[in-house]
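K.L.:
The structure is given below, and queries will be raised subsequently.
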Amino acid sequence: MTEIAAIIAGVLVLTGAFFALVATIGLWRLPDIYTRSHAASKTGTLGSGLVLIALAVHAGDSSTTSRALAGVVFFLLTAPIAAHLLARAAYAVGYPLSEESVADDLANGDRNESVGPT
């Protein structure tokens, strides 16, 4: 059973590392802050979540497993929300969209709206 768990953990680590690499390439190659934050939040969350699940599979004790799975839940709940709020704040202060962008759904005067609670 431990060899199977080690193989599963290895595959999960490699897959997580692949998604972390894709997130890094996305940060480097994408044209503006909005698409970069999307790449970082989606693929970065998936990559780190897979690595934490690999830790849970490999550890074998319930304490480490529960902490690793709590970390996955924390990533899934906070990273997309944080990326959305950062992109919304960037839009509110006037960071331009890329020339390749096809639509600006907030262009109807929503730019001056408060980002946080007032």
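The values are calculated or read from the model by the stated rules, or taken from the named source; none is laboratory data. Note that the structure is a prediction, hence the values are computed from the model and not measured. Note that we place each Cβ from the backbone using ideal geometry, even for glycine, and neighbour counts take in every protein chain shown. Please note that ligands, DNA and RNA were not included when accessible areas were found on the heavy atoms of the full protein model with its side chains. Shrake-Rupley method; radii C 1.70, N 1.55, O 1.52, S 1.80 Å.
K.L.:
Show me, for the stretch 72-80, the HN-Hα J-couplings you get by feeding each phi into the Karplus relation (A = 6.51, B = -1.76, C = 1.60, θ = phi - 60°), rounded to Hz, glycine and proline as x.
P.N.:
4, 4, 4, 4, 5, 7, 9, 5, x
K.L.:
Among rounded, prolate and oblate, which fits the chain when a ≥ b ≥ c are the square roots of the eigenvalues of its C-alpha gyration tensor, a/c under 1.5 means rounded, and a/b larger than b/c means prolate?
P.N.:
oblate
K.L.:
Still on this structure, please answer the following. In nm, to one decimal, how far is the modelled label at A82 from the one at L69, with both set 7 Å along Cα→Cβ?
P.N.:
Label at A82, label at L69, 2.3 nm between them.
K.L.:
Ok, one more. Counting only heavy atoms of the protein chains, get the accessible area per residue of the chain (1.4 Å probe) and round it to a whole Å² value.
P.N.:
68 Å²
K.L.:
Using a 1.4 angstrom probe on the protein heavy atoms only, line up D105, D61, D32 by accessible area, largest first.
P.N.:
Most to least solvent-accessible, the answer reads D105, D61, D32.
K.L.:
Going from most exposed to least, what order do T15, T43 have by accessible area with a 1.4 Å probe?
P.N.:
T15, T43
K.L.:
What ³J(HN,Hα) values, in whole Hz, does the Karplus curve 6.51 cos²θ - 1.76 cosθ + 1.60 give for the stretch 34-51 when θ = phi - 60°, with x put for Gly and Pro?
P.N.:
6, 6, 5, 5, 5, 5, 5, 6, 6, 6, x, 5, 5, x, 5, x, 5, 5
K.L.:
Sorted by accessible area (1.4 Å probe), largest first, how do Y91, Y34 line up?
P.N.:
Y34, Y91
K.L.:
Where the accessible area of the chain is counted over protein heavy atoms with a 1.4 Å probe, how much of it, in %, is carbon and sulfur?
P.N.:
70 percent
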